[in-house]
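Accompanying notes for the structure given below.
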Amino acid sequence: MSRWLSTLLVLVCFATSAFAIDSTEMPTPELPARYRTLTHELRCMKCQGPSIADSPLDAASDLRREVRSQLLAGKTDREIRDFMVDRYGEYILFKPKFSWRTAWLWLGPGVLLVFGALIAVRIVRQRSAMIAQDDEPLEEEASR
């Protein structure tokens, strides 16, 4: 039983370390940094949570390969992002550009925060007014 367990432990250790290594080699030293930055800015379309750098799925691997080929073709980061947005939509970006289509995404949290603060102020004022208008004795004093 312990032999089977140790074999399983070794397999798990090797399987998880395979995802931690990105074996992408680039001809110039600045390209790996750009590659890492871009792959962390793009969302995996199947996982819908992690970046393509962190996703083990084949779809993310294809996107990483596409980013690499475009970097090697001499495209700028902006051109690569624009290509991905044209192909997959704004959702692929973790930080989408500000436009009228994405305005709710950028402005929504601020609007909700202001709206919540106004409601909180109104509730506090109403309760303060209720205390000032309350001239009934406390229940403890009334029971004596």
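None of the figures in this text is laboratory data; all of them are computed from the coordinates on show. What you see is a predicted model; the values in this text were computed from it and never measured. Cβ sites come from the backbone with ideal geometry, for glycine too, and all protein chains shown count toward neighbours.
A few remarks follow.
- Ranked by the mean number of other Cβ atoms within 10 Å of their residues, highest first, the peptides 52-64, 27-39 come out as 52-64, 27-39.
- Kirkwood-Stokes translational diffusion coefficient of the stretch 56-125, alpha-carbon pairs, 4 °C, 1.567 mPa s, µm²/s: 86
- The stretch 71-130: trypsin sites (Lys or Arg not before Pro) falling in loop per DSSP and having at most 12 other Cβ within 10 Å: LYS97, ARG101
- Equivalent ellipsoid dimensions for the stretch 99-144 as semi-axes, Å, which come from the Cα gyration tensor, largest first: 44, 9, 5
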